[in-house]
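S.K.: Here it is, the structure, as structure tokens.
Just so it is clear, none of the values below were taken in a lab; they were calculated from the coordinates. Just so we're clear, the structure is a prediction, and the values are computed from it rather than from any experiment. When we count neighbours, we look across all protein chains shown, and the Cβ atoms used for this are built from the backbone with ideal geometry, even at glycine.
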Amino acid sequence: MAEDCWDRAAQPYFDFWVPRLIPYYEDLVQRAGPKAGERVLVPTTGPGAELIALARAMNGQGTVVATDLSGPMLMRAREATAELGMPIRFEQADVRDTLNGKWDLVLSAFGLWQFEDRRDVLRAWREALTEEGRVAILEWGPPDPTGPFELVDDSLRSIEPAVAEVTRLRELASRETLGELLGEAGLRMVRHAVVRHRMDFGSAEGFFKALCAGCSYLKVCEEIGADRTCRVADTFYARLTPPSPRTPLSFEPAASIAVAQAM
């Protein structure tokens, strides 16, 4: 298997982003309501931070299977959950692969927006649910026009308008749009929430480097090359107050949680 950009991003993502994302994972698990003894599938588990909250909520009782296409990400997940006291099975598998199982809960954090065929992904999850099963997803959005993520998006759009189209996924997280997407996959949204948690970066430069090294922006930066990436960074810094790469950042990005059941 060819090395994927998420293989290369595994360690930076774990270092820079996981500590900042833990409150979001905990919110997802809380609203998904996993119960002791349930069967839970966690596709696109990445470094597995949501598994910690999941194991605690289930009191260590039940079946949890976590999947991801990235071997290095799965390795981080195994390491992070090694001492939980709950057996978790890890499988290197496609996001649509439900492992021929029937699941009480399919839980996905920051994974669905990576795939263009997200309706087909949701359909695959829906078909693998038990009668009372549910799908719970967590994704960035709705967008905040003044937030650092969006300012980077706008800066990229001004330099590379065609590439920038892939950065508009936060717009899909509104209650109406998300409900429509779930409905097209045969799912009925029963819960929706927008959550925010504070993130702090010592400098805008540090934030931009973390963004480019540890998440989906890595693919964008590799596509446009180092020179254009520097132009995007300079444009981003110029939009800050004060306009400097040394400007510290403190912000609360929005993320949306949706819980749905089969119609």
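S.K.: According to the Kirkwood expression over distinct Cα-Cα pairs, how big is the hydrodynamic radius of the range 72-224, in Å?
M.R.: This gives a value of 17.8 Å.
S.K.: Running Debye on the range 68-110 with equal point scatterers at the Cα sites and no solvent, what base-10 log of I(q)/I(0) appears at q = 0.20, 0.30 Å⁻¹?
M.R.: So the normalised log intensities are -0.78, -1.25.
S.K.: Sorted from fewest to most neighbouring beta carbons within 10 Å, what does the list T241, T229 look like?
M.R.: Numbers: T241 6, T229 20.
Fewest-to-most Cβ neighbours within 10 Å comes out as T241, T229.
S.K.: Rounding to the nearest 10 and keeping the result within 0 to 90°, find how far the Cα-based axis of helix 148-159 lies from the longest principal axis of the chain.
M.R.: 60
S.K.: While we're here: What number does the range 160-221 give for Rg over Rh if you use C-alpha atoms and the Kirkwood radius?
M.R.: That ratio is 1.09, to two decimals.
S.K.: Using only the Cα atoms of the chain, what do you get for the radius of gyration and for Dmax, in Å?
M.R.: Gyration radius and largest Cα-Cα distance of the chain: 18.3, 55 Å.
S.K.: On to the next question. Which whole-number percent gives the relative contact order of the range 79-162, counting Cα pairs below 8 Å spaced six or more residues apart?
M.R.: Numbers: 59 pairs, mean separation 24.8, N = 84.
Here the relative contact order equals 30 percent.
S.K.: Right, something else. Considering only the other residues whose Cβ falls under 11 Å of the Cβ of T247, what net charge follows from Lys and Arg at +1 and Asp and Glu at -1? Show your work: numbers first, answer last.
M.R.: Numbers: positive: R239, R246; negative: E205.
So the environment of T247 carries a net charge of +1.
S.K.: How many Å³ per residue does the convex hull of the Cα positions in the range 1-84 occupy?
M.R.: Expressed per residue, the convex hull around the Cα atoms of the range 1-84 is 85 Å³.
S.K.: Springs between alpha-carbon atoms under 10 Å, Gaussian network over the chain: tell me which of E150, E176, E205 tops the mean-square fluctuations.
M.R.: With Cα springs under 10 Å in the chain, the top fluctuation among E150, E176, E205 is at E176.
S.K.: By counting other Cβ atoms within 10 Å of each Cβ, how are I88, I22 ranked from fewest to most?
M.R.: Lowest to highest Cβ neighbour count: I22, I88.
S.K.: Further question on the same structure: Take the Cα pairs of the range 1-155, get the Kirkwood Rh, then feed it into Stokes-Einstein at 25 °C and 0.890 mPa s and tell me D in µm²/s.
M.R.: Result for D is 153 µm²/s.
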